[in-house]
């Protein structure tokens, strides 16, 4: 009986460890992508930011030229994220950004496709 309890405890601990490592890896991936996305917007690197978008979002926006028309005016010069949340294969980063016409709240939404995260939602709204 004691062997069963010990083995069960070991298996439970191993499962928790594996799950925690996966969440840590996902959290790091999402944070890096959010930072890289905002950096690409800031630098006007539309090809790089476009590559981070999900296939569905690309279809909604159109081609790279359409993305450049949308992203061009959103070259925020100062930005930071205050929270990152992950639940299953969805993630969200919230923060703030500054632009010449004021300060904005920003939200990036991510979906996991296999092992890769892609941006599926982009929200910028001016702070009041």
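The values are calculated or read from the model by the stated rules, or taken from the named source; none is laboratory data. These numbers were taken from a predicted model, which means no experiment stands behind them. All Cβ positions, glycine included, derive from the backbone under ideal geometry; neighbour counts span all protein chains shown.
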Neighbours by Cβ (under 8 Å, 6+ apart or cross-chain): first from the stretch 97-124, at positive phi; second part of a strand (DSSP E or B) and surrounded by fewer than 15 Cβ atoms within 10 Å (Cβ to Cβ): 102/126
Condition check for residue 56: closer than 15 Å to residue 121 by Cα and either out of contact with any helix residue (DSSP H, G or I) (no Cβ under 8 Å at 6 or more places or on another chain) or modelled with pLDDT of 90 or more (or both): yes
Residues located in the stretch 93-117, provided they are buried (at least 18 other Cβ atoms within 10 Å of the Cβ) and under 12 Å from the mean Cα position of the chain (by Cα): 93, 106, 108, 110, 117
Residues located in the stretch 72-91, provided they are closer than 16 Å to residue 125 by Cβ and in contact (Cβ under 8 Å) with a residue 24 or more places away in the chain: 74, 76, 79, 81
Residue in the stretch 21-29 that is modelled with pLDDT under 75 and over 17 Å from the mean Cα position of the chain (by Cα) present: yes
